[in-house]
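Q: Please read through the structure below; I'll follow up with questions.
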Amino acid sequence: MFGRKLNVKRRKKIRREERERQEREAEEKRQRESKGEVFTFEVVTLNNSGKIINRTQGSARQKIEDLGNGIKLEMAYIPGGSFLMGSPENEAGRESYESPQHEVTLQPFYLSKYPITQNQYQAIMGNNPSSFKGGSRPVECVSWYNAVEFCIKLSKKTGKIYRLPSESQWEYACRTGTTTSFYFGETITPELVKYDGNHPYGNYSPKGIYRKETTDVGSFPPNAFGLYDMHGNVWEWCLDVWHNNYNGAPTDGSAWETGGDNSNRLLRGGCWNGISRVCRSARRNYHYADKHSYVRGFRIVSSSPVVSVFRS
């Protein structure tokens, strides 16, 4: 009798443990699927001479927003974490306003895989102000206010919250854990980044082609988060106002929208007619929020998980 009771208890325990295991696996699957579908890509690493020394297969997750008429918006999942923001004092080409280096801790978020394209902008705003026309090219000649308006209209259309990234979100997503000048390594080449190739970075990297205009997004290799064109092509607006240094900057990934010069907004990433050093991961730039230029575009961010708004 005692043995039978013991066996019954043991079987109940096994069934309970099996049920708990299945529930854990189901929850893990839901969590994975909630981050979006998997996409794959190749990540390359350079040495100081600009030679590719490593190629690895990368993967990330993305959510895809349907903007209508066959136009899609791909939002890559960016895992949370901490990083050291800014440039070290020995980094070539650095500026004083990239200091002081400070640790920032961020929650997960989604960032558009590419700069917003002309097709995407047209789908939401109904116009295309760009100088270098091409549906798959990044939209340019947009002011900071235009970029914010795009986010507002997209949010109303989709019922989800979209906005410009904070400066720290942008740099964290660009670096993908790297501490080098670029996510490729200590230099870049015109074969990997859209910039003015007449101005190499470092003593050993070669000169290269200068294309004198934008190129289709995704024409060059991505970083380890699956993000394209974080170096070069167009400068990208961030939400923050301009400050001359990082003293007092937020450390939680939020935008720095108090103090500073409210008429000037942050730009990141370098551009097609910029020299190599302005494409560095830590490089900061700014301009009047109401000004347009054929070197400036933007990409957008949403929180994780995406929150529905506007709809009753």
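Q: Condition (residue is of a type in the set (D, E, K, R), closer than 28 Å to SER302 by Cβ and modelled with pLDDT of 95 or more) applied to region 197-214: is it met by at least one residue?
A: In the first step, residues of region 197-214 are kept if they are of a type in the set (D, E, K, R); the result is 207, 211-213.
Checking the rest, the ones that are also closer than 28 Å to SER302 by Cβ come to none.
There is no residue in region 197-214 that is of a type in the set (D, E, K, R), closer than 28 Å to SER302 by Cβ and modelled with pLDDT of 95 or more.
Q: Of the residues that make up region 263-272, is at least one surrounded by fewer than 23 Cβ atoms within 10 Å (Cβ to Cβ) and among the polar types (S, T, N, Q)?
A: Yes.
Q: Report the residue count in region 11-43 for those that are modelled with pLDDT of 90 or more, out of contact with any Phe, Trp or Tyr (no Cβ under 7 Å at 6 or more places or on another chain) and either assigned to a helix (DSSP H, G or I) or surrounded by 10 or more Cβ atoms within 10 Å (Cβ to Cβ) (or both).
A: 6
Q: Another question, if that's okay. Report yes if ASN119 is surrounded by fewer than 22 Cβ atoms within 10 Å (Cβ to Cβ), over 30 Å from ASN203 (Cα atoms) and at pLDDT below 95, otherwise no.
A: For ASN119, the condition - surrounded by fewer than 22 Cβ atoms within 10 Å (Cβ to Cβ), over 30 Å from ASN203 (Cα atoms) and at pLDDT below 95 - is not met.
Q: Taking region 136-147 as the region of interest, how many residues are surrounded by fewer than 16 Cβ atoms within 10 Å (Cβ to Cβ) and not small (Gly, Ala, Ser)?
A: The number of residues fulfilling the criteria is 1.
Q: Another one. Is it the case, given these coordinates, that LYS133 is surrounded by fewer than 17 Cβ atoms within 10 Å (Cβ to Cβ) and of a type outside the set (S, T, N, Q)?
A: Yes: the conditions hold for LYS133.
Q: Of all residues being crowded, with 20+ Cβ neighbours inside 10 Å and of a type in the set (Gly, Ala, Ser) in region 87-116, which is nearest to ASN245 (Cα to Cα)? Just the residue, please.
A: SER87
Q: Go through region 187-199 and give me each residue that's in contact (Cβ under 8 Å) with a residue 60 or more places away in the chain, surrounded by 19 or more Cβ atoms within 10 Å (Cβ to Cβ) and either out of contact with any Phe, Trp or Tyr (no Cβ under 7 Å at 6 or more places or on another chain) or among the charged types (D, E, K, R) (or both).
A: Result: THR189, LYS194, ASP196.
Conditions (1) touching a residue at least 40 places away in the same chain (Cβ under 8 Å); (2) among the hydroxyl-bearing types (Ser, Thr, Tyr), marked per residue:
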residue	(1), (2)
ALA123	yes, no
ASN127	no, no
LYS133	no, no
TYR172	yes, yes
THR178	yes, yes
TYR183	yes, yes
TYR201	yes, yes
GLU213	yes, no
GLY232	yes, no
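Q: Within region 267-286, identify whether any single residue is of a type outside the set (Gly, Ala, Ser), more than 16 Å from SER166 (Cα to Cα), at pLDDT 95 or above and in contact with a helix residue (DSSP H, G or I) (Cβ under 8 Å, 6 or more places away or on another chain), and answer yes or no.
A: yes
Q: Residues being closer than 18 Å to MET230 by Cα and in a loop (DSSP other than H, G, I, E, B): count how many of those fall in region 254-273.
A: 5
Q: Out of curiosity, is LEU164 hydrophobic (A, V, I, L, M, F, W, C), in contact (Cβ under 8 Å) with a residue 60 or more places away in the chain and more than 30 Å from SER49 (Cβ to Cβ)?
A: Judged against the criteria, LEU164 is a match.
Q: Identify, by number, the condition in (1) under 26 Å from SER155 (Cβ atoms); (2) modelled with pLDDT of 95 or more; (3) surrounded by fewer than 24 Cβ atoms within 10 Å (Cβ to Cβ) that VAL307 doesn't meet.
A: Condition not satisfied by VAL307: (2).
Q: Residues of region 202-238 being assigned to a loop (DSSP other than H, G, I, E, B) and aromatic (Phe, Trp, Tyr), which ones?
A: So in region 202-238, the residues assigned to a loop (DSSP other than H, G, I, E, B) come out as 202-231, 233-234.
The answer is TYR204, TYR210, PHE220, PHE225, TYR228.
Q: Can you tell which of LEU84, LEU46 is surrounded by fewer than 16 Cβ atoms within 10 Å (Cβ to Cβ) and within 19 Å of GLY269 (Cα to Cα)? Write out each step before concluding.
A: Details: LEU46 fails: surrounded by fewer than 16 Cβ atoms within 10 Å (Cβ to Cβ).
Testing whether each residue is surrounded by fewer than 16 Cβ atoms within 10 Å (Cβ to Cβ) and within 19 Å of GLY269 (Cα to Cα) leaves just LEU84.
Q: Among the residues in region 277-298, are any out of contact with any strand residue (DSSP E or B) (no Cβ under 9 Å at 6 or more places or on another chain) and either without any contact (Cβ under 8 Å) to a residue 60 or more places away in the chain or closer than 13 Å to GLN169 by Cα (or both)?
A: no
The values are calculated or read from the model by the stated rules, or taken from the named source; none is laboratory data. Small disclaimer: the values here were computed from a predicted structure and weren't measured. Virtual Cβ from ideal backbone geometry, glycine too; neighbours counted across all protein chains shown.
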